[in-house]
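The values are calculated or read from the model by the stated rules, or taken from the named source; none is laboratory data. Being a predicted model, the structure only gives us computed values, none of them experimental. Every residue, glycine as well, gets a Cβ built from its backbone with ideal geometry; the counts of neighbours run over all protein chains shown. Surface areas here come from the heavy atoms of the whole protein model, side chains and all, with no ligands, DNA or RNA. Shrake-Rupley method; radii C 1.70, N 1.55, O 1.52, S 1.80 Å.
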Amino acid sequence: MAMIRALPDDYSAFVSSLLLKDSLDKAAITQAFVTEETQRQRRANDAAAAAIAMSAALAKANCDFCSLSGHIQADCFKYQAAQQQAKQNAKQQAKARFNKGKRRQEQANAAGNASKDDKSENGTEFAGNA
C-alpha cells in the first residue's frame, strides 16, 4: 500500500484505479503495473510519431502571405510586421482626419469672428438675398 501511495503525481489516475479494486493481492498489483507501463510506452510512441508527422506537415506547409515554405501565415514574420504597419497607418489616418476637422472648425470660427467685426465697424447688418 505504501508503494502505491509513493508513486508520483503522474500516476494519480493509476493509483485511484488500484485503490478502487476489491482485492489488492500481489498478482493483481503486478499485472496492473505491467499494463500501466505498456500503455505509457504506447502513448509515448504515439506522441513521438505525432510530433514527427507534425514537423513533416510543417515542412511541406506554404505561407499564404509570403509564399515561402516551412511556416504558416500565423507564424509569418512578414505578416506580423505588415499587421503592425497597418495599425500604425490607421492611427495616423485617424489623427489626420481629426486634425483636418479641427482646422476646418478653426477656420469657420475665424470667418465668423471676421464677419462680426465687419458688422460692428459698418454699423449695418446684411440680411443676405432677402
Residue tally, condition without any contact (Cβ under 8 Å) to a residue 12 or more places away in the chain, in a loop (DSSP other than H, G, I, E, B) and either touching a Phe, Trp or Tyr at 6+ places or on another chain (Cβ under 9 Å) or hydrophobic (A, V, I, L, M, F, W, C) (or both), over the stretch 1-15: 2
Take L18 and decide whether it is outside any helix (DSSP H, G or I) and free of Cβ contacts under 8 Å to residues at least 24 places away in the same chain. no
Need the failing condition index for D22 against (1) surrounded by fewer than 13 Cβ atoms within 10 Å (Cβ to Cβ); (2) at pLDDT 80 or above, just the number. (2)
Report, by residue number, each residue of the stretch 21-48 that is of a type in the set (K, R) and assigned to a loop (DSSP other than H, G, I, E, B). K21
Pairs needed: first member in the stretch 26-37, among the charged types (D, E, K, R); second member anywhere, in a helix (DSSP H, G or I) and open to solvent by 30 Å² or more (accessible area, probe 1.4 Å); C-beta distance under 8 Å; at least 6 residues apart or different chains. E36/Y11
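Residues are listed down the side, and each one gets a yes or a no for (1) hydrophobic (A, V, I, L, M, F, W, C); (2) loosely packed, with under 10 Cβ neighbours inside 10 Å:
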residue: R5; (1), (2): no, yes
residue: D10; (1), (2): no, yes
residue: T35; (1), (2): no, no
residue: D64; (1), (2): no, no
residue: H71; (1), (2): no, no
residue: K78; (1), (2): no, no
residue: A96; (1), (2): yes, no
Scan of the stretch 49-76 for residues that are in contact with a Gly (Cβ under 9 Å, 6 or more places away or on another chain) and part of a loop (DSSP other than H, G, I, E, B), ordered by number: A61, C63
